[in-house]
Amino acid sequence: MLSRISTRMGAMILFTAIVLPLQLAAQSHYSVVELSELGGTSGSANGINDRGWITGADNLPGDLTSLASLWVNGSTIPLGTLGGANSAVAWPVKSNNGVIVGISETADADPLGEDFSCWPFFAAGVPTGKICKGFRWQNGQMTALPPFPGGYSSYATGINNQGKVVGWAENGIHDPTCDPSFQILQFRAAMWELNGTMLELPPLPGDSTSAATAINDLGQVVGISGDCGIAVGSVSAKHAVLWQNGVPIDLGNIGGDAWNTPTAINNQGTIIGFANTVPGTARTFEAFIWTQASGMKPLGLLPGDIRSEALGINEKDQVVGLSRGGPHFFRAFLWQNNKLFDMNQLTVSGSPFLLYAGDIDQQGHIVGEALDLNTGEGPGFIATPVPPGAIVSPAVHATPQGTVPENVRRQLERRTGFASEFIP
């Protein structure tokens, strides 16, 4: 009897020894493909849905303008603008119904001379004084999403499979908590319904402004609540919030009182983002995960790095983002099974360097921005898990040598809140 038990245990150990490396190979190795470009030297893949649609923005030749872009079936499709020079899909878009949302400049100057929230997400990163509006794109047509009465600009971040769009929009109130060199009008979190109805999601009591950053299929919305500031991060994100049935709930913090910014929520109600670790407006933020059971917890930093942001999550609670540090200023990370991994230690040999990861789908495909040191460009990428049993080179391989071109670095800093322009 003992002999049979030992034999069975030996067989189980052998089976585990064979299967476990295959499972780890599937989870821990990725092949990387650069996405085609519109002629510029930088592109950002910020979202991927379960149809394989990749969304983001790509620079045009000269790197002075960028267009909201859709990558599908190997092609890059520019989505156009609302009459201005620039547009972008700046946040993960997870809906599978063929609708994409984002932001676009219009041709009209802002009557108050404001520089609304959109400009840091465009190629040049220079305020243009143009009215900016959220858009809804479907079947090749881009439609503007209106602000609240009295306002001029709006911003769309996410849409769920029921067609509910969220973001933020100005109203007609001149808000004293604004920095008038950038922003004058108050803005509030907004939800645009399919029937044209526009709803306000209020800030927490005592706060002036709010903004919604993501929505799941249950209608749960996450975002920020705080002061107006310059309408880009910092004091605008005094509090990270979850709206349940339109009522804001404070998600807490990890030590700071600014930059508390949720970026995504999955259908399990797990929320990710980044938050300051100490009080004040200095950018000392770290990636976080929030659950109903555990509250807000930091995900940590890659060794030697100084800041991190969680940007995308799937239904398996795999989280991707970026960490500030490493040989090329930024590096993409994957967080799973309570561990943080440098994506560049998980890619097959010969891959471009992955600067940041913007989103991850149910099959584990990861998208973001890479650094191709052969061309000096920063194209979007998709990283695909290597199938079980495939032969791959060791996960730890030499880091590509070279430097990040200045325009690629500055554009990425602006999009992720690392640039000095974001400090009032």
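Figures for the structure shown
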{"quantity": "Among (1) of a type in the set (Ser, Thr, Tyr); (2) over 29 Å from ASP50 (Cα atoms); (3) assigned to a strand (DSSP E or B) - the single one THR263 does not satisfy", "calculated": "(2)"}
{"quantity": "Index of the failed condition, SER87 passing every other in (1) surrounded by fewer than 24 Cβ atoms within 10 Å (Cβ to Cβ); (2) out of contact with any Phe, Trp or Tyr (no Cβ under 6 Å at 6 or more places or on another chain)", "calculated": "(1)"}
{"quantity": "Residue check, LEU242 surrounded by fewer than 19 Cβ atoms within 10 Å (Cβ to Cβ), touching a residue at least 24 places away in the same chain (Cβ under 8 Å) and under 30 Å from ILE48 (Cβ atoms)", "calculated": "no"}
{"quantity": "Pair list, Cβ under 7 Å, 6 or more apart: segment 100-120 residue closer than 13 Å to ALA90 by Cα, other residue modelled with pLDDT under 95 and β-branched (Val, Ile, Thr)", "calculated": "SER117/VAL232; TRP119/VAL126; TRP119/THR128; PRO120/VAL232"}
{"quantity": "Single residue of GLY52, GLY56 found to be within 28 Å of ASN267 (Cβ to Cβ), part of a loop (DSSP other than H, G, I, E, B) and either small (Gly, Ala, Ser) or modelled with pLDDT under 95 (or both)", "calculated": "GLY52"}
{"quantity": "Where a residue in segment 203-220 is more than 13 Å from PRO262 (Cα to Cα) and its partner, wherever it lies, is charged (D, E, K, R), with Cβ under 7 Å and at least six apart", "calculated": "LEU204/ASP250; ASP207/LYS238; SER208/ASP175; SER208/ASP227; THR209/ASP175; THR209/ARG188; THR209/ASP227; GLY219/LYS164"}
{"quantity": "Where LEU299 falls short, out of the listed (1) under 18 Å from the mean Cα position of the chain (by Cα); (2) buried (at least 24 other Cβ atoms within 10 Å of the Cβ); (3) modelled with pLDDT of 95 or more", "calculated": "(2)"}
{"quantity": "Residue satisfying condition, being over 20 Å from the mean Cα position of the chain (by Cα), surrounded by 23 or more Cβ atoms within 10 Å (Cβ to Cβ) and modelled with pLDDT of 95 or more, within set GLN183, GLN162", "calculated": "GLN183"}
{"quantity": "Some residue of segment 265-273 being at pLDDT 95 or above, at positive phi and surrounded by fewer than 21 Cβ atoms within 10 Å (Cβ to Cβ)", "calculated": "yes"}
{"quantity": "Segment 218-259: number of residues that are in a strand (DSSP E or B) and over 19 Å from the mean Cα position of the chain (by Cα)", "calculated": "8"}
{"quantity": "Selected residue (criterion: farthest from the chain's Cα centre (by Cα)) from residues of segment 378-389 that are in a strand (DSSP E or B) and surrounded by fewer than 21 Cβ atoms within 10 Å (Cβ to Cβ)", "calculated": "PRO385"}
{"quantity": "Complete set of residues in segment 68-91 that are within 28 Å of GLY364 (Cβ to Cβ), touching a Ser or Thr at 6+ places or on another chain (Cβ under 8 Å) and among the hydrophobic types (A, V, I, L, M, F, W, C)", "calculated": "ALA68, LEU70, TRP71, ILE77, LEU79, ALA88, VAL89, ALA90, TRP91"}
{"quantity": "Residue under evaluation SER75, criteria (1) small (Gly, Ala, Ser); (2) buried (at least 24 other Cβ atoms within 10 Å of the Cβ); (3) at pLDDT below 95; (4) more than 16 Å from the chain's Cα centre (by Cα), criterion not met", "calculated": "(2)"}
{"quantity": "Given (1) of a type outside the set (Gly, Ala, Ser); (2) surrounded by fewer than 19 Cβ atoms within 10 Å (Cβ to Cβ); (3) farther than 29 Å from PHE122 by Cβ, index of the condition GLU193 fails", "calculated": "(3)"}
{"quantity": "Residues within segment 129-159 that are within 19 Å of the chain's Cα centre (by Cα) and small (Gly, Ala, Ser), tallied", "calculated": "4"}
{"quantity": "Contacts under 9 angstrom Cβ, first residue in segment 79-97 being touching a residue at least 40 places away in the same chain (Cβ under 8 Å) and within 11 Å of ASN49 (Cβ to Cβ), partner of a type in the set (Lys, Arg) and outside any loop (DSSP other than H, G, I, E, B), 6 or more apart", "calculated": "none"}
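The values are calculated or read from the model by the stated rules, or taken from the named source; none is laboratory data. The shown structure was predicted, so the numbers you read here are calculated from the model rather than taken from an experiment. Positions of Cβ are backbone-derived with ideal geometry, glycine not excepted, and every protein chain shown enters the neighbour counts.
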